[in-house]
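Data first, discussion second: the structure below is written as structure tokens.
Values in this text are rule-based calculations from the coordinates and carry no lab data. Please read all numbers here as calculations on a predicted model, not as lab measurements. Here the Cβ positions follow ideal geometry from the backbone for every residue, glycine too, while neighbour counts run over all protein chains shown.
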Amino acid sequence: MGTSLVPLAYEDRLATLLAHRVGLWDVIAEAERPGSLDAAIRDPAANDLLALIDTLPALRLVAFNGGTAAKLGGRLIGDRILTLALPSSSPAHAARTFEQKAQAWNALRDSLRT
């Protein structure tokens, strides 16, 4: 993408993503979650991801930020569209270094070029 999102306000980040043909959507609409870790999520209610996909005929790929989103979203989507499970971008997910995460996330960027 070549644009740093870090210094931008949240709404400007969203606008920048859209300008680069990247959408952002939460798989989980609501849930019980004491604390901020995905492992604490209880009773998740999913957003209607299939309805969203149906409104986007040019959509080629759905990428999930982290294992929880990939697990739930993958069950919702099935084999309707190509998916990509990415490591969580959260600093709380320390199983990989920033550089390792960036390398995995580059697969998303590379898929958008084809």
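Starting from the Cα-Cα distance between A9 and R96, subtract it from 0.36 nm times their residue separation and give me the gain in nm to one decimal. Don't skip to the answer; put the middle values down first.
On the way: separation 87, 0.36 × 87 = 31.32 nm, distance 2.65 nm.
Additional length available on full extension: 28.7 nm.
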Mean separation of Cα pairs under 8 Å and 6+ residues apart, divided by the residue count of region 10-113: what relative contact order is that in percent? 18
Please check which bits of region 1-18 a label hung off A58 would reach, taking the label as a point 7 Å along Cα-to-C-beta and the cut-off as backbone N under 14 Å. 18
Hey, what do the phi angles of region 17-26 turn into as Karplus ³J(HN,Hα) couplings, whole Hz, using 6.51/-1.76/1.60 and θ = phi - 60°, x for Gly and Pro? 4, 4, 4, 9, 6, 10, x, 10, 8, 8
Trypsin sites (Lys or Arg not before Pro) lying in DSSP loop within region 6-114, provided at most 16 other Cβ fall within 10 Å: R21, R60, R80, R96
Which net charge results when you count Lys and Arg as +1 and Asp and Glu as -1 among the other residues whose beta-carbon is under 12 Å from that of I77? 0
Can you list residues from other chains, or at least 5 along the same chain, whose modelled amide H is less than 5 Å from the amide H of A63? L84
Please arrange D43, D38, D12 by how many other C-beta atoms lie within 10 Å of their C-beta, fewest to most. D43, D12, D38
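Looking at region 1-102, send over the antiparallel percent of its DSSP beta bridges, to the nearest 5. Spell out each step's value before the answer.
Values: 3 of 8 bridges.
That works out to approximately 40 percent antiparallel.
Order by neighbour count: S88, S36, fewest other Cβ atoms within 10 Å first, most last.
Working: S88 19, S36 8.
The fewest-first ordering by Cβ neighbours comes to S36, S88.
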Residues in region 47-61 that a label on A29 would reach, taking backbone N under 20 Å of a point 7 Å out along Cα→Cβ: 47-56
